[in-house]
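A.B. asks: Handing you this structure, nothing more for now.
The values are calculated or read from the model by the stated rules, or taken from the named source; none is laboratory data. Just so we're clear, the structure is a prediction, and the values are computed from it rather than from any experiment. As a convention, Cβ positions derive from the backbone with ideal geometry for all residues, glycine included, and neighbour counts pool all protein chains shown.
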Amino acid sequence: MESEKHGISIDVQTTYLSAQSSPEENRYVFAYTITITNIGEIPAKLLTRHWVITDSNSRVQEVRGEGVVGEQPHLTPGMSFQYTSGTVLETPVGTMHGSYQMVGDDGTQFDAEIPAFTLSIPRTLH
């Protein structure tokens, strides 16, 4: 079964960076730490990323590129890779989702979906 051979788990933690933000200029800076874990049976390499970033004005930014933070991690079964990156929004709340394009050591290419997560300054959402 493909789902057992190729499996990637993605966990996200977000932080609002108030020191780098400037609300009076509609500049809200967020960091996100992502842990990518190979929960499948076959080693896989992360090739590219695709992000869709939406602020609460419905302004959408799409970001595509090779690897993450300059790396293309190769994950053996059970191995994790963690990195921190960031984004700037014009509103105090937004969302991000996307996918990592992966290739298994068996040559199978597949997408690891990154579920939507919320970027929000503290005490904005109830």
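A.B. asks: Which one of the conditions (1) within 14 Å of the chain's Cα centre (by Cα); (2) surrounded by 13 or more Cβ atoms within 10 Å (Cβ to Cβ) does Pro43 fail to meet, given that it meets all the rest?
C.D. replies: Answer for Pro43: the failing condition is (1).
A.B. asks: Quick check on the stretch 66-83. Is at least one of its residues touching a Phe, Trp or Tyr at 6+ places or on another chain (Cβ under 8 Å) and of a type in the set (Gly, Ala, Ser)? Show your work before the answer.
C.D. replies: Quick first cut of the stretch 66-83, residues touching a Phe, Trp or Tyr at 6+ places or on another chain (Cβ under 8 Å) only: 68-69, 71, 73, 75.
In the following step, the residues that additionally are of a type in the set (Gly, Ala, Ser) were identified as none.
No; the residues of the stretch 66-83 include none that is touching a Phe, Trp or Tyr at 6+ places or on another chain (Cβ under 8 Å) and of a type in the set (Gly, Ala, Ser).
A.B. asks: Output yes when any residue across the stretch 89-98 is more than 18 Å from Thr33 (Cβ to Cβ) and in a strand (DSSP E or B), and no when none is. First the steps, then the outcome.
C.D. replies: Looking only at the stretch 89-98, we keep the residues that are more than 18 Å from Thr33 (Cβ to Cβ), and these are 90-93.
Add one more test, that the residue is in a strand (DSSP E or B), and what stays is 93.
Yes, because at least one residue in the stretch 89-98 is more than 18 Å from Thr33 (Cβ to Cβ) and in a strand (DSSP E or B).
A.B. asks: Could you go through the stretch 73-80 and let me know if any residue there is more than 15 Å from the chain's Cα centre (by Cα), more than 30 Å from Arg123 (Cβ to Cβ), surrounded by fewer than 13 Cβ atoms within 10 Å (Cβ to Cβ) and not polar (S, T, N, Q). Talk me through it step by step, then tell me what you get.
C.D. replies: Taking the stretch 73-80 and keeping what is more than 15 Å from the chain's Cα centre (by Cα), we get 74-79.
Applying the additional criterion that residues be more than 30 Å from Arg123 (Cβ to Cβ) yields 74-79.
Those still in the list that are surrounded by fewer than 13 Cβ atoms within 10 Å (Cβ to Cβ) too: 76, 78.
Next, from what is left, pick out any that are not polar (S, T, N, Q): 78.
Yes, some residue in the stretch 73-80 is more than 15 Å from the chain's Cα centre (by Cα), more than 30 Å from Arg123 (Cβ to Cβ), surrounded by fewer than 13 Cβ atoms within 10 Å (Cβ to Cβ) and not polar (S, T, N, Q).
A.B. asks: Restricting to the stretch 53-70, count the residues that are among the hydrophobic types (A, V, I, L, M, F, W, C) and over 13 Å from Val88 (Cα atoms). It would help to see each step written out before you state the result.
C.D. replies: So the first thing to find is which residues in the stretch 53-70 are among the hydrophobic types (A, V, I, L, M, F, W, C), and the list is 53, 60, 63, 68-69.
Going one step further and asking which of them are over 13 Å from Val88 (Cα atoms), we end up with 68-69.
Counting residues in the stretch 53-70 that are among the hydrophobic types (A, V, I, L, M, F, W, C) and over 13 Å from Val88 (Cα atoms) gives 2.
A.B. asks: If you don't mind, there's one more thing I want to ask. So, of the residues in the stretch 18-43 that are touching a helix residue (DSSP H, G or I) at 6+ places or on another chain (Cβ under 7 Å) and hydrophobic (A, V, I, L, M, F, W, C), which turns out to be nearest to Glu71 (Cα to Cα)? Walk me through how you get there before you give the answer.
C.D. replies: As a first pass, look at the stretch 18-43 and keep what is touching a helix residue (DSSP H, G or I) at 6+ places or on another chain (Cβ under 7 Å): 29, 40-42.
Now restrict to residues that are hydrophobic (A, V, I, L, M, F, W, C): 29, 42.
On the way: Val29: 23, Ile42: 20 Å.
Applying the filter and picking the extreme gives Ile42.
A.B. asks: Please indicate, with yes or no, whether at least one residue in the stretch 24-36 is under 18 Å from Asp111 (Cβ atoms), at pLDDT 95 or above and surrounded by 14 or more Cβ atoms within 10 Å (Cβ to Cβ).
C.D. replies: Yes, because at least one residue in the stretch 24-36 is under 18 Å from Asp111 (Cβ atoms), at pLDDT 95 or above and surrounded by 14 or more Cβ atoms within 10 Å (Cβ to Cβ).
A.B. asks: Among the residues of the stretch 81-110, count how many are among the charged types (D, E, K, R) and surrounded by 13 or more Cβ atoms within 10 Å (Cβ to Cβ).
C.D. replies: Step one: of the stretch 81-110, the residues among the charged types (D, E, K, R) are 90, 105-106.
Among the residues that remain, those that are also surrounded by 13 or more Cβ atoms within 10 Å (Cβ to Cβ) are: 90.
Summing the residues that are among the charged types (D, E, K, R) and surrounded by 13 or more Cβ atoms within 10 Å (Cβ to Cβ) in the stretch 81-110 gives 1.
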